[in-house]
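S.K.: Just dropping this structure here.
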Amino acid sequence: MNCQPLLVAILAVILALFFRTWWQIGPRVDWSPRPVEPILEQCPTDKAPLLVFGATSMLGKYIIEAFHEDSGLCIINFGRSKCELCNINVKGDLRDTRHVDRVIAHFKPTSILTSVKPPLLGIHYRTFIELNLFAMVELIKLAKKHRVHNFIYVSSIAASGHYHHHDTASEDDEAPYYTDYEAPYDVSKRFAEDFLLQQHEEGVFNAISIRTSGIFGGDGDPYDYIRQPIIAGVETPPIDSNYAGNIADALYVVHKTLLEKPHLGGQFYYYTGDPMSEIDKSRMVATETGKPLVMIPMWVVDFCREWGHWMRWDPHTYNLIDLFRMGNVQQTFNQTKFHKAFPTFKQKYTNKQALRSIYGEHDMQNSEG
Ligand SMILES: *[C@@H]1O[C@H](CO)[C@@H](O)[C@H](O)[C@H]1NC(C)=O
């Protein structure tokens, strides 16, 4: 008997499974509805309740640091993890709309701030749609139903389309059609943002969206590669990026200003930081830390991009190939409108200062101690 075809078939299956594991992380449903339980905690009556979604994310931590200085606020964290600086913690998943409804009904927040997004890599299309889109739309509807006054949405340049070239683009530029978007992350952010801004009613439901970009701030940001012992450098077009601490300060100013000037709502604003190419970031951190910088030839990058995209096992799950492909599209924005609307905001750190403090000295201290 000739066993060879069988062996080849088995080998093919093993190889396929290996590739699948290597290339993708499978989708999973990782939440279930919370049981109906009475909520016992309450905000002091002299403080304005602020309900935050995403308070424990990388950006969220900076946001809470900026907001918790304001003693007039009672910060309620709704999420899976505990937020130490928040006044009240409520465990839950944003997709658990009935639970969200009960929480809003109980605390009657004056303002809601959302800084939620699934991790960028290894996430299935479905999660982006469920979390960024469906859950967000339901939250916005609930906020309006329960007469929440202010809704601050942390949006992203993703809403402008990561695969669309932007050269000092502004808010007035023509927006892509939903059907133009390639990335589920992008179109889900855009759709939810549109929905929110349509709900804006001056003085009744003040909705605002701030489009941010390339956020770095330490653990959990997309610039992990700068932490490796050898830094790989790639020539890419400039992409605006920003320090999480600046964004948090900006959001606090947005929150304060919106209370006084609700007519600023109903719109989105670009606050995307400074244009800085990846290679400039890599060079700076390499110089600061004394780590070697290895340039990857462009043909290798292009080959990985094209070939990796072509040989995808599951096109519905986001992976490194997507980051590579997005990194090749220029993203710079004109932030005049933001600074005009929020003149009291002054950025404390340049990108260089922030990168130096996060990756430079920090890493050098680690290697010395
Ligand atoms: C940015 O926008 C402002 C006003 O909208 C304009 O005056 C300025 O020239 C723009 N800057 C660039 C670099 O396009």
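Just so you know, all these numbers are worked out from the coordinates, no wet-lab data involved. No experiment lies behind these values; they were computed from the predicted model shown. Note: ideal-geometry Cβ built from the backbone for every residue, glycine included; neighbour counts use all protein chains shown.
S.K.: Compute all pairwise cysteine Cβ distances in the chain, then list the cysteines with no distance under 4.7 Å to another cysteine.
M.R.: That list is Cys3, Cys304.
S.K.: In region 46-134, which trypsin sites (Lys or Arg not before Pro) are in a loop and have at most 16 other Cβ atoms within 10 Å, using DSSP for the loop call?
M.R.: Hits after loop and neighbour filter: Lys47, Arg80, Lys82.
S.K.: Take the Cα atoms of region 156-299, build their convex hull, and give its volume per residue in Å³.
M.R.: 129
S.K.: Putting +1 on Lys and Arg Cβ atoms and -1 on Asp and Glu Cβ atoms, find which of Val116, His162, Trp299 reaches farthest to the positive end of the dipole of the chain.
M.R.: Ranked along the dipole, the leading option is Val116.
S.K.: Additional query: Students often get this wrong, so check it: of Lys141/Lys337; Lys61/Lys348; Lys47/Lys337, which have C-alpha atoms separated by over 21 Å?
M.R.: Beyond 21 Å: Lys141/Lys337; Lys47/Lys337.
S.K.: Explain nothing, just the number: dipole magnitude of region 250-338 about its Cα centre with +1 on each Lys and Arg Cβ and -1 on each Asp and Glu Cβ, in debye rounded to the nearest 20.
M.R.: Dipole magnitude for region 250-338 comes out near 220 debye.
S.K.: Run the helix sum for the chain: -39,500 (n - 2.57) per DSSP H stretch of 4+ residues, divided by residue count, reported at 222 nm to the nearest 500 deg cm²/dmol.
M.R.: My calculation for the chain gives -11000 deg cm²/dmol from helical runs alone.
S.K.: With loop defined by DSSP as not H, G, I, E or B, and exposure as at most 15 other Cβ atoms within 10 Å, which is the longest segment of the chain clear of exposed GluC sites (Glu not before Pro)?
M.R.: By the stated rule (loop sites, at most 15 other Cβ atoms within 10 Å), 236-369.
S.K.: Taking a cut-off of 18 Å, what percent of all Cα-Cα pairs in region 198-273 are separated by more than that?
M.R.: 54
S.K.: Over the Cα atoms of region 69-184, what Rg and Dmax result, in angstrom?
M.R.: When restricted to Cα atoms, region 69-184 yields Rg and Dmax of 16.3, 45 Å.
S.K.: What does the convex hull of the Cα atoms come to per residue for the chain, in Å³?
M.R.: So the per-residue Cα hull volume is 180 Å³.
S.K.: Over region 210-369, what is the relative contact order in percent, taking alpha-carbon pairs closer than 8 angstrom and at least six residues apart?
M.R.: Across region 210-369, relative contact order equals 36 percent.
S.K.: If you don't mind, another one. Could you work out the relative contact order of region 274-364? I mean the mean sequence separation of Cα pairs under 8 Å and 6+ apart, divided by the number of residues, in percent.
M.R.: Relative contact order here is 51 percent.
S.K.: Run the dipole for the chain about the Cα centre, Lys and Arg Cβ at +1, Asp and Glu Cβ at -1, nothing else charged, and hand back the magnitude in debye, nearest 20.
M.R.: In total the dipole reaches around 800 debye.
S.K.: Let me ask you something else. Restricting to Cα pairs below 8 Å that are 6+ residues apart, what does the relative contact order work out to for the chain? Please round to a whole percent.
M.R.: For the chain, the relative contact order is 18 percent.
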